[in-house]
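Report on the following structure.
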Amino acid sequence: MTVRVRLAPSPTGTLHIGTARTALFNWLFAKKEKGKFLIRIEDTDKERSKNEYIENIFEGLKWLGITSDEEPVIQSNRINEHKKAIQNLLDKGQAYRCFATEEELDLMRQQQKDNSQAPRYDNRSRNLSKEKESEFLRQGRTSVIRFRINDEESIIWKDLIRGPMKWSGKDLGGDMVISRRSIGNEIGDPLYNLVVVVDDAAMKITHVIRGEDHIANTAKQILLYKALGLKIPEFAHTPLILNAEGKKLSKRDGVTSINDFKEMGYTSEATSNYMTLLGWSVPEGMDERFTLEEVSKIFSLNKINKAGAKFDWDKINWLNAQVIHNSSPNDLFQLLSPLWEKNGWKSPNDEWGKSLAKLLSSSMTLIQEGVDQAKPFFEEPELKEEAIKQINVEGAKLALKSILKKLEKYSSEQFDKQEAKKILEEVSKTEGIKKGIIMKSLRAALLGEMQGPDLISTWIILSRASKDRARINRCF
Ligand code: GLU
């Protein structure tokens, strides 16, 4: 049997973090089992589905490193298949038309509430006589189609994450609506549980891996598989993603969509690494830092926890910093240069940009910090008060003058680290000024402040952009 799994996002919003994590688990499982990962866009809610969300979902998945192994299925194109299945259930008597009006149903629910009963459809239209049905149709009443659910039936499956599961038919809310309201003998728009079953079977899905909020749907879907005579896949329900307080992660926690991570300055590698760790634990002895390729060799569903997964900012930040520190100058430059350009900053050449990206990376946790910290390399910074103070320290100006003098010997292209260090040594010796003072003063002159990346590298980079001498000069 070839494993076939799918992600079935509804394009009613941007790629949600929970959907992205479900996508990763499905993709990793497919790769591990040498199977196929498929995507089905569930766009049957015409009012809420938008093309821009479809694009956002595909883009977000691609950013994380996930693509579909087959042409994605667009659910709305398959409406005839869905309707055929409903007709089949009607023909077999496993589904029927329910003409109850919204007012009647509201009244029913109100009565249940008044009697402290759980809300459920009371199956009132189950055994409507042919005559009554014809009468309703003549009156022009609209109807939904309902699937019969036997209250006495037990629904059992072995969940690949949660173990043995058992549901009772009576807990499923009464006979289930499988098509929206329609007039006359038409079949209205087919609804979620029905279409998912029809499509998963048509796509030959072997394992349905999705969030635990779908557990009750799984029970209903198993009944539909049986009624339609379709092969029931295996099921695995993944835990919810929780915030630090243990509540379901929401907009208030600052992230809901994968875009947010990109915009906040997380790398795709750290994001997909972290998402995988949200609910899945690495086997003992394995590093928690991995690429999707690496983890796809050892991924298993039984290492997914049943309990909710708490979102941990410290951990994703740590992973992001790790990815940034281990990135090549070229990769860092590719990430940063479009952001620099957005601010109108252009590197004199790619080599220069790569050196700057690498230099800044040592203190970066988020990509965005490589933009803020790059500013003084592109734009002349104002001298902050602390820098002015430093330049006025005894010996500072003399040291800077002496540095300038020595620089005359070098062109900005040749000047390198060794020569820079040599200049500092010589100035210290000949002028009798402590190296600490020289270095602090040089930093103040070059960056206008007392904090920043490695001084010698900063100097070389500014020198290669022909910016060091002017900055030293302005201190006098
Ligand atoms: N469209 C459903 C959702 O986004 C799919 C659930 C499923 O995987 O069956 O929640």
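The values are calculated or read from the model by the stated rules, or taken from the named source; none is laboratory data. Everything numeric here is computed off the predicted structure, so don't read it as measured data. All Cβ positions, even for glycine, are placed from backbone atoms using ideal geometry, and neighbour counts span all protein chains on display. The accessibility values were calculated without ligands, DNA or RNA, using every heavy atom of the protein model including side chains. Shrake-Rupley method; radii C 1.70, N 1.55, O 1.52, S 1.80 Å.
Round to the nearest 0.05 the FRET efficiency obtained for Lys46 and Lys389 when R0 = 60 Å and r is the Cβ-Cβ distance. Plugging the Cβ-Cβ distance into 1/(1 + (r/R0)^6) gives 0.35. Surface analysis of segment 291-410 yields an accessible area of 55 Å² per residue, using protein heavy atoms and a 1.4 Å probe. Projecting the Cα positions of Leu15, Asn185, Ser355 onto the charge dipole of the chain (unit charges on Cβ atoms of Lys, Arg, Asp and Glu, taken about the Cα centre) puts Ser355 furthest along the positive direction.
When you count the other C-beta atoms within 10 angstrom of each residue and take the mean per peptide, 404-412, 369-377, 68-76 line up highest first as 369-377, 68-76, 404-412.
Accessible surface ranking for Tyr96, Tyr53, 1.4 angstrom probe, highest first: Tyr53, Tyr96. With 14 Å as the cut-off, how large is the P(r) tail for segment 1-84, expressed as percent of Cα-Cα pairs? Pairs farther apart than 14 Å: 62 percent. Structure note, pairs Lys83/Lys132; Lys342/Lys409; Lys62/Lys158; Lys354/Lys375: Cα-Cα distances above 27 angstrom occur for Lys342/Lys409; Lys62/Lys158. Excluding ligands, DNA and RNA, the accessible surface per residue across segment 66-170 is 61 Å² with a 1.4 Å probe. Which residue, Leu455, Ile155, Gln368, has the largest displacement toward the positive end of the dipole of the chain when charges sit on each Cβ (Lys, Arg +1; Asp, Glu -1)? Comparing the listed Cα positions along the dipole, Leu455 ranks first.
Among 242-248, 414-420, the peptide with the highest mean count of other Cβ atoms within 10 Å heads the list, and the full ranking is 414-420, 242-248.
Net charge dipole, segment 183-240: roughly 240 debye, given to the nearest 20, about the Cα centre with Cβ charges of +1 for Lys and Arg and -1 for Asp and Glu. Within straight-line reach of Lys166, meaning a Cα separation under 18 Å, sit the following aspartates and glutamates at least 8 residues removed in sequence or on another chain: Asp151, Glu152, Glu153, Glu212, Asp213, Glu234. Shape summary: segment 193-337 maps onto an equivalent ellipsoid whose semi-axes, from the alpha-carbon gyration tensor, are 34, 18, 16 Å in decreasing order.
Expressed as a fraction of 2.2 N^0.38 Å, the C-alpha radius of gyration for the chain is 1.41. Computed over the Cα atoms of segment 205-287, the ratio of the radius of gyration to the Kirkwood radius (Rg/Rh) comes to 1.08. For the peptides 115-125, 393-403, residues were scored by their other Cβ atoms within 10 Å and the scores averaged per peptide; the highest-first order is 393-403, 115-125. Within the accessible area of the chain, the carbon and sulfur atoms contribute 48%, probe 1.4 Å, all protein chains present. With θ taken as phi - 60° and the Karplus curve 6.51 cos²θ - 1.76 cosθ + 1.60 applied, the whole-hertz 3J(HN,Hα) list for segment 417-431 is 4, 4, 5, 4, 5, 4, 4, 4, 4, 4, 4, 4, 5, 5, 8 Hz, x standing for glycine and proline.
Placing +1 on each Lys and Arg Cβ and -1 on each Asp and Glu Cβ, with no other charges, gives the chain a dipole about its Cα centre of roughly 420 debye. Can you pull out the trypsin sites (Lys or Arg not before Pro) in segment 346-390 that DSSP calls coil and that have at most 12 other Cβ atoms within 10 Å? In loop regions of segment 346-390 (DSSP not H, G, I, E or B), the sparsely surrounded trypsin sites (Lys or Arg not before Pro) are Lys346. Counting only alpha carbon atoms, the long axis of helix 329-342 and the longest principal axis of the chain meet at about 80°. Phi angles across segment 398-413 convert, under the Karplus curve 6.51 cos²θ - 1.76 cosθ + 1.60 with θ = phi - 60°, into 3J(HN,Hα) values of 4, 4, 5, 4, 5, 4, 4, 4, 5, 5, 4, 5, 10, 8, 5, 6 Hz, Gly and Pro given as x. Say R0 is 35 Å: what FRET efficiency, to the nearest 0.05, do Glu380 and Glu70 get from their beta-carbon distance? So, using R0 = 35 Å, E works out to roughly 0.05.
Over all orientations, segment 394-469 has a Cα convex hull whose mean projected area works out to 4.5 square nanometres. With the helix formula -39500 (n - 2.57) applied to DSSP H stretches of n ≥ 4, the chain reaches a computed 222 nm mean residue ellipticity of -14000 deg cm²/dmol. Of all DSSP-defined beta bridges confined to the chain, some 60% are antiparallel rather than parallel.
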